[in-house]
1. Suppose we filter the stretch 81-106 for residues that are near the ligand (Cβ under 10 Å from one of its atoms), within 15 Å of residue 4 (Cα to Cα) and touching a Phe, Trp or Tyr at 6+ places or on another chain (Cβ under 9 Å); how many remain?
2. Considering the stretch 129-140 alone, what residues qualify as being crowded, with 19+ Cβ neighbours inside 10 Å and farther than 12 Å from residue 95 by Cβ?
3. Kindly provide the set of residues from the stretch 110-128 that are within 15 Å of the ligand (Cβ to nearest atom), surrounded by fewer than 20 Cβ atoms within 10 Å (Cβ to Cβ) and assigned to a loop (DSSP other than H, G, I, E, B), ordered by number.
4. Restricting attention to the stretch 65-76, does a residue exist that is within 26 Å of residue 144 (Cβ to Cβ), out of contact with any strand residue (DSSP E or B) (no Cβ under 8 Å at 6 or more places or on another chain) and among the small types (Gly, Ala, Ser)?
5. If you check every pair at least six apart or on different chains, which have Cβ atoms under 8 Å apart with a residue in the stretch 1-24 that is closer than 15 Å to residue 47 by Cα first and a residue that is open to solvent by 60 Å² or more (accessible area, probe 1.4 Å) and in a strand (DSSP E or B) second?
6. Find the residue count for the stretch 81-104, including only residues that are among the charged types (D, E, K, R) and surrounded by 24 or more Cβ atoms within 10 Å (Cβ to Cβ).
Amino acid sequence: MRIVVLHGPNLNALGTREPAVYGRTTLAEIDAMLAREASAHGVDVSCEQHQGEGEIVSAIHRAAAEGAQGIVINPGAYTHYSYAIADALRCVTIPAVEVHLSNIHAREEFRNRSVTASACVGIVAGFGAESYSVGLQALMTYLKRK
Ligand code: DQA
């Protein structure tokens, strides 16, 4: 089984980006943690970070076309306004789990709304880097039960 992890814009700067909000764990550390956790379940993960909306749309289509079984996605700020990413998630038949390091519901009003979440099977937010871990676990369990 292969799961694709998609990180949206500015997440390449994790570790130094607003550490009070996003913590000090780097993206490379998150990717290594996910690879470890997935391999313990015999699952492969491929992690990609993209700054652009179109690149994320293409990555969603590519994941499905190349046979991945599911997607863990943190669309970053696109979460709040990208109908293109929401539509791409609905175009593909593989399930996605949306994750956020911060609790988007406890922040500025513009972050309270996710336009992409309704295209996902579930959402995990507010646990820092651990959100990815919980999201991956939830997706693996969902896929095994399917
Ligand atoms: C984020 C929350 C978004 O509002 C923000 O734009 C991000 C990161 C999170 O993981 O908490 O880039 O998706």
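The values are calculated or read from the model by the stated rules, or taken from the named source; none is laboratory data. On a predicted model such as this, the values are computed, not experimentally measured, just so you know. Note: ideal-geometry Cβ built from the backbone for every residue, glycine included; neighbour counts use all protein chains shown. Protein only, heavy atoms only, side chains kept; ligands, DNA and RNA dropped before computing areas. Shrake-Rupley method; radii C 1.70, N 1.55, O 1.52, S 1.80 Å.
1. Within the stretch 81-106, the first condition is being near the ligand (Cβ under 10 Å from one of its atoms), and the residues that meet it are 98-104.
Checking which are within 15 Å of residue 4 (Cα to Cα) leaves us with 98-99.
Cutting the leftovers down to touching a Phe, Trp or Tyr at 6+ places or on another chain (Cβ under 9 Å) gives us 99.
Matching residues across the stretch 81-106 total 1.
2. Those that are crowded, with 19+ Cβ neighbours inside 10 Å and farther than 12 Å from residue 95 by Cβ: 129, 131, 132, 133, 136.
3. The answer is 112, 113, 115, 126, 127, 128.
4. Looking for residues that are within 26 Å of residue 144 (Cβ to Cβ), out of contact with any strand residue (DSSP E or B) (no Cβ under 8 Å at 6 or more places or on another chain) and among the small types (Gly, Ala, Ser), one finds at least one in the stretch 65-76, hence yes.
5. 1/44; 2/44; 3/44
6. Quick first cut of the stretch 81-104, residues among the charged types (D, E, K, R) only: 87, 90, 98.
Adding the requirement that they be surrounded by 24 or more Cβ atoms within 10 Å (Cβ to Cβ) leaves 98.
Looking only at that region, the number is 1.
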